[in-house]
Amino acid sequence: MIHLLVRCGFGYRQGALKLLSGYPRHAHREQQPEMEHVRVTHRTMSASVQISTPRAMYPDIEPYETGMLKVSDLHTVYYEQSGNPDGKPVIFLHGGPGGGTSPRDRTFFDPSVYRIVLMDQRGAGKSTPPAELRSWVVFGGSWGSTLALVYAIKHADRVKALVLRGIFNLRRKELLWLYQEGANFIFPDEYEAYVKPIPEVERFDLMSAFYRCLTGNNEDKKIEAAKAWSRWEMALSRLYLDPANVLRAEADKWALHHYFVHGGFMEKDDWILANVNKIRNIPTTIIQGRYDIICPAITAWDLHKSINTQGNVSPETDVPDIEPYETGMLKENTTWNLVSDIELLRRKLVIDQWVVFGGSWGSTLGLVYAIQHPDRVKALILRGIFMVRRKELIWLYQEGASYIFPDEFELFVKPVPEVERRDVMSAYYRRLTCDDTNVQRKVAKAWSRWEVSTLNLYLDQAKLLWAEDDPTALQVTRIECHYFVHGAFFEKDEWILANIDKIRHIPTTIIQGHFHLVPDAGHTTKEPGIQTQLLDACDKYKHL
């Protein structure tokens, strides 16, 4: 039985797919979740939310055995055992690499039921368990999930079950998301501090640049790079910045990404997924924070699909050849036309100056209007800033948000043949402006559903119904896509920032959500929702 639990606020999406010999794996679909109610009163950088109370951990216990195990001429590692010596053995694999275990890690498991083995991996301080154990439940999060999956693939007969949290397959795209470009779209302020030790000319490959610093001979540079790397990870590991974590990054002189620059020493980039058929018979629970930025949900989603099917769902191929044409609503409809309309309205109303308030696309238009008519703007109030730069559009409609909403993205691209998915926006535009109304409606629904699914912290069923049924969805989608494929009709990609000098004197307030926060589903095991699900998952395997 494979369970995928995607934390999404205080509820979760759960799909349970039976894996029996000869059972058609593709015959099952995930059920939609029932979202629990949550009160979100603010969604700015300093969000005020009602956070759920996590389930209590098991009591603190001390190990009944500790030891050192020599595993090579170079390495001797630490291990410990706690709980019930005659109980069901479970091994906890920590994150990192290099993170190490802590006494708290013992408290995920019922000590009356489990024989709890903690190990610190090479270079981290503790160790692997005694060899006489025949089989065990393997528990791992983050890098620990990588190691657990590799261990299970190599020793499938020794694994009773897998409990995995914050899935990390060490693929190149996951590393690029975290350390090069992806997470920086959500944490641009922390990213700036992260790249500061690296000369600008070397920033095209940050992992390699950091590796050179960390393995060089300049001790000051080593410490500076280690602190910057560690602070970046600490800043992203919780939904709300943990000052204690940040202080730890500032105080410690460690950063271990030896594994990352070498791709985990795997034979190929997707080695885990390529070998996942070897663990399909192992009971597995995947617990994933929807808004885990360090290990984004796309990895858990890819693993979930790989375990339960031999391949991806084939894209629809019945879309006819289409040519775009310009409909009436799109003629003479550009950013400049809209700015002209705003100014015409100001004159008609005999207003000398006004405060301009805009959110999302409205923030784009507000900025452009202010740049064109700065003498008419008293102040700007902007929410959810959008400058229609190519990288912003790619993030939302091509690759970026797909890492956080991989399940919804799969539905978004479904109407587009795979051969056209290198440029999803253009593929949509051809269909939204073709002369086949059935094709238009079909892609408008998919586009609208994608936007609605990523719009709020918690899926708004009323908006989802609008995306599915409202005839105005086609109108909105067509106009949106018209502006986006034309780059808002700007002369160059960075037009707004290039002209920002013209509005520096205008009082401006920017209200920006750090991202669409959920209060209890970040990356670490200390997030309330993650903690509860991990405890439940461990309890579920007591009977094995």
Task: Test: Y429 is out of contact with any Lys or Arg (no Cβ under 8 Å at 6 or more places or on another chain) and open to solvent by less than 30 Å² (accessible area, probe 1.4 Å) - done: no
- [ ] State whether one or more residues within region 464-473 are touching a residue at least 24 places away in the same chain (Cβ under 8 Å) and part of a helix (DSSP H, G or I).
- [x] yes
- [ ] Pull up region 73-88, narrow it to residues that are open to solvent by 20 Å² or more (accessible area, probe 1.4 Å) and either in contact with a Pro (Cβ under 6 Å, 6 or more places away or on another chain) or within 16 Å of G140 (Cα to Cα) (or both), then point me to the one that is modelled with the highest pLDDT.
- [x] G83
- [ ] Could you look through region 387-408, keep only residues that are farther than 30 Å from V355 by Cα and free of Cβ contacts under 8 Å to residues at least 60 places away in the same chain, and pick out the one that is nearest to the chain's Cα centre (by Cα)?
- [x] A401
TODO: Mind checking which helices (runs of 4 or more DSSP H) fall wholly inside region 317-406 and carry at least 3 residues that are modelled with pLDDT of 90 or more and either under 24 Å from L474 (Cα atoms) or hydroxyl-bearing (S, T, Y) (or both)?
DONE: 390-397
TODO: Can you work out which of the residues in region 127-168 that are part of a loop (DSSP other than H, G, I, E, B), among the hydroxyl-bearing types (S, T, Y) and surrounded by fewer than 24 Cβ atoms within 10 Å (Cβ to Cβ) is modelled with the highest pLDDT?
DONE: S135
TODO: Kindly list, by first and then second residue, each pair from a residue in region 183-211 that is outside any helix (DSSP H, G or I) to a residue that is of a type in the set (V, I, T), limited to pairs with Cβ atoms under 8 Å and residues at least 6 apart or on different chains.
DONE: I186/I293; F187/I293
Open item on the list: farther than 17 Å from F187 by Cβ and among the polar types (S, T, N, Q): which single residue out of N217, N245 fits that description?
Closed with: N217
Open item on the list: So the check is Cβ under 7 Å with 6+ separation or different chains; which pairs have a first residue in region 160-175 that's under 10 Å from L149 (Cβ atoms) and a second one that's among the small types (G, A, S) and open to solvent by less than 10 Å² (accessible area, probe 1.4 Å)?
Closed with: L162/A148; L162/A152; L164/G140; L164/S145; L164/A148; I167/S145; I167/A300; F168/S145
Open item on the list: List the residue pairs whose Cβ atoms are under 8 Å apart, where the first residue sits in region 337-353 and is under 12 Å from R376 (Cα atoms), the second is of a type in the set (D, E) and surrounded by fewer than 12 Cβ atoms within 10 Å (Cβ to Cβ), and the two are 6 or more positions apart or on different chains.
Closed with: Q353/D375
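Which one is most open to solvent (accessible area, probe 1.4 Å), of the residues in region 370-386 that are at negative phi and within 34 Å of the chain's Cα centre (by Cα)? If you could, list the steps in order and put the result at the bottom.
Filtering region 370-386 for residues at negative phi gives 370-383, 385-386.
So of that shortlist, the ones also within 34 Å of the chain's Cα centre (by Cα) come out as 380-383, 385-386.
Values: L380: 2, I381: 59, L382: 4, R383: 120, I385: 58, F386: 31 Å².
Ranking the qualifying residues of region 370-386, first place goes to R383.
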Task: Options V424, V419: the member that is farther than 20 Å from D469 by Cα, free of Cβ contacts under 8 Å to residues at least 40 places away in the same chain and open to solvent by 60 Å² or more (accessible area, probe 1.4 Å) - done: V419
TODO: Please indicate, with yes or no, whether at least one residue in region 477-484 is of a type in the set (D, E), open to solvent by less than 70 Å² (accessible area, probe 1.4 Å), modelled with pLDDT of 80 or more and in a helix (DSSP H, G or I).
DONE: yes
- [ ] Determine whether L214 is open to solvent by less than 70 Å² (accessible area, probe 1.4 Å) and modelled with pLDDT under 90.
- [x] yes
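The values are calculated or read from the model by the stated rules, or taken from the named source; none is laboratory data. Keep in mind the model is a prediction, meaning the values are calculated, not measured. Note that each Cβ is placed from the backbone with ideal geometry, even for glycine, and that neighbours are counted across all protein chains shown. Areas reflect the complete protein model, heavy atoms only, side chains present, ligands, DNA and RNA absent. Shrake-Rupley method; radii C 1.70, N 1.55, O 1.52, S 1.80 Å.
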